[in-house]
1. Going by a ≥ b ≥ c, the root eigenvalues of the Cα gyration tensor, does the stretch 31-400 fall in the rounded group (a/c under 1.5), the prolate group (a/b larger than b/c) or the oblate group?
2. Which shape class applies to the stretch 233-375: rounded if a/c is under 1.5, otherwise prolate when a/b exceeds b/c and oblate if not, where a ≥ b ≥ c are the square roots of the Cα gyration tensor eigenvalues?
3. Order the peptides 8-15, 343-350 from the highest to the lowest mean number of other Cβ atoms within 10 Å of their residues.
4. Give me the Debye-computed log₁₀ of I(q)/I(0) at q = 0.13, 0.15, 0.18, 0.19 Å⁻¹ for the stretch 165-277, equal point scatterers on Cα only, no solvent, two decimals.
5. Cβ neighbours within 10 Å, averaged per peptide: list 248-255, 56-63 in order, most packed at the top.
6. Please give, to one decimal in nm, the separation of the simple spin-label points placed at Ala10 and Ala436, each 7 Å out from Cα toward the Cβ.
7. At His259 and Arg487, where each label point lies 7 Å from the Cα along Cα→Cβ, what is the point-to-point distance in nanometres?
8. Round to the nearest 0.05 the FRET efficiency obtained for Ala46 and Leu393 when R0 = 60 Å and r is the Cβ-Cβ distance.
Amino acid sequence: MTQVTAFAVALAIVAAAGLAAVLSHRLGERIPIPAPAVFLLGAAFASDLWPGLERVPIDHVVEIVTVALVVILFDGGMQMGWRKVRANAGPIVWIGVAGTLLTAITVALAAHLLFGLDWRIALLLGTALAPTDPAVVFSVLGRRQITGRSGVLLQGESGANDPVGIALLVVLLAGSSVSFGAVGTVISAFVLQLAVGAVAGVVGGVGLLWFMRTVTLPAAGLYSLRVLMCVMAIYALTTLAHGSGFLAVLVAGIVVGDHRAPFKVEIERFHSALASLAEIVAFVMLGLTVQLTGPHGVVEGHALWIGLALAALLAFVIRPVLVAPLLWRVDLSRGERLFVSWTGLKGAVPILLGMFILQAGVPDAHRAYEIIFVVVAFSVIVQGGSVPALARLLRVPLRPVNPRPWGMNARFETEPESLHRFFVAPGSMADGMSVAELPPGDLWVSVIIRGGRLVTVTPDTRFDVGDEVLVLADPDSVPVVSPLFARPKAPPRAADGPARPARRGRFVRSVLRRPLRRPEG
């Protein structure tokens, strides 16, 4: 075989694997198993059939998964945005930080007391298994998306606990042993990493946003590539400054998420697709670096039974017991609270942390890595497979998300500050209101999209729940128009009685119909 032929064969294999990864998200619509699980087990079996696949150097695998995780975290930050994070900052930080630390300590205690693992490897194992990954949940739901606060909490928790878990493991690996005297050093180094990462994320996000908005490029496709290169630079520079580069890219994504920028829609689509592919790459790398059979494999060694026991403890005992109290004062239904407590699925981060342990050469690191493989496989297959049925049983709010392959575009040389997009929320004042009943002023309803189809806009056209409405309005009028389409806030409870229902009579509409006045001066 010539060199050109060998390269063609390798390229064909990579193309086939990439195409399979792209099409894998269709599996969630047919079988209740997340697509990452298929690649995880498929890669593991492939490495057993072709032992040459196991010869990939662990350093290269760590670098590949690190890049994949940087892409995943930045995309997750952009999807959340500052508005969602600000509205749920307390629960997200409380669950993401306190929940991660408590989970790590509890898993470490179980690994040491029940299975006799050394304290250091047990603590590293607990830290590696603490972070969660909502991408697995979203992949198995297919074209359905979790709405309401539970979806934001799942995504925000993962965004917070991923950098926390990574920073904690890096600090623990830097220490030579576990002792009471080293606790202060570990805590200070851990806090320093998070502080530097948070500051670098804010500075990097603001700088990236300025770069996106002010520096023009000759081609539309270059805008997405520019953002990707800047994200990699933010991670690298923060890491060189001894901070958490993963936290920095997450915070940068949150900063950029809610702001307008040239070609922002294309940038978001590019990074979302890249993040989906990166998740698959991370699972494939884990599968290729694990041996299932053989004298040192997962099946014949003790890692299988330890991993299954820890996975069961995590799913049925540790996470529900630790997370449920943290959600006690959060405004969730009982079904949503149970759903969030159950769906702490493991994904790309435990894979990367397991590779860090292997790379550090810690005693018993190989068995810890195999245990991580078993726990991640159990979490993805068993817990992930139960997510759709559990969501229906607990009545978790879901909404179908159908792709929109056709678009109606209008490009502008300058930012269209007068164009605004609203969604008609259930219970909003706009529900059932006609276009003619909107408050008068500098306001024009240009497009209404209902069920993926355009609706002819006339003065008698009435809004319906779920409608996507594009409005041309003066920026000063947005604070008055926006509440019409939003879900009404719960009225405050009286001290001596139950909450009173909100009034939606003629008085409210008469106030909203008053002419909009610009502030003087």
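Rule-based calculations on the coordinates, nothing more; no lab input. All values reported here derive from a predicted model rather than from experimental measurement. As a convention, Cβ positions derive from the backbone with ideal geometry for all residues, glycine included, and neighbour counts pool all protein chains shown.
1. Cα axes put the stretch 31-400 in the rounded bin.
2. The shape class here is oblate.
3. Values: 8-15: 10.4, 343-350: 26.9.
Result, highest mean Cβ count within 10 Å first: 343-350, 8-15.
4. -0.56, -0.68, -0.87, -0.93
5. 248-255, 56-63
6. Going from the Ala10 label point to the Ala436 one covers 7.1 nm.
7. 2.8 nm
8. The value I calculate is 0.95.
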